[in-house]
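Here the structure is laid out as structure tokens; the discussion comes afterwards.
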Amino acid sequence: MKKRNERQRKNYHSRTPEQVENDRYMKANYYISNNLNDKKKIKYNKRKQHIVNLLGGGCTICGYNKYMGAIDLHETERLLKSIPSRLIQIDEGYKSLLDNINILIPLCRNCHAEYHAGLIELPVKPSTNNQK
């Protein structure tokens, strides 16, 4: 083990300038990509929070609102091309979610699973049509 560590140290210090530059480039890209992923997560969380707030702020059935990651957006009608959690990430998808917000219902993971298992019913959503 000691010999291997010595060999690694020796190889590290005997690198060519191209190898050193390549290592710097790889490290810089690693930090940039991680920073971009953090920015994407922040953007996703803000968008999801905005949609859930527009729909009442938490689970429609039990009222859970402690952690946004445990809230799913359930579609009452199949109008969207993809699942809502994927559409939030894309600008056009986010706009289509906002345009079709009347078909979405926020449910916590437990209530969502119980609904799909047939154990509970969704509450009737009041009509959003402006009828006189």
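Things worth noting here:
- In the condition set (1) surrounded by 13 or more Cβ atoms within 10 Å (Cβ to Cβ); (2) farther than 28 Å from residue 39 by Cα, residue 78 is compliant with all but (1).
- Residue within the stretch 79-100 that is of a type in the set (Phe, Trp, Tyr), closer than 20 Å to residue 41 by Cβ and out of contact with any Pro (no Cβ under 6 Å at 6 or more places or on another chain) present: yes
- Unique residue being outside any loop (DSSP other than H, G, I, E, B), at pLDDT 90 or above, on the phi < 0 side of the Ramachandran plot and in contact with a helix residue (DSSP H, G or I) (Cβ under 8 Å, 6 or more places away or on another chain) when the list is 97, 107: 107
- Taking first residues from the stretch 99-126 that are charged (D, E, K, R) and partners that are in a loop (DSSP other than H, G, I, E, B), the Cβ contacts under 7 Å between residues at least 6 apart in sequence or on separate chains come to 114/120.
- Subset of the stretch 72-90 that is under 11 Å from the mean Cα position of the chain (by Cα) and within 18 Å of residue 115 (Cβ to Cβ) - its residue that is modelled with the highest pLDDT: 72
The values are calculated or read from the model by the stated rules, or taken from the named source; none is laboratory data. Everything numeric in this text was worked out from a predicted model, so none of it was measured. Positions of Cβ are backbone-derived with ideal geometry, glycine not excepted, and every protein chain shown enters the neighbour counts.
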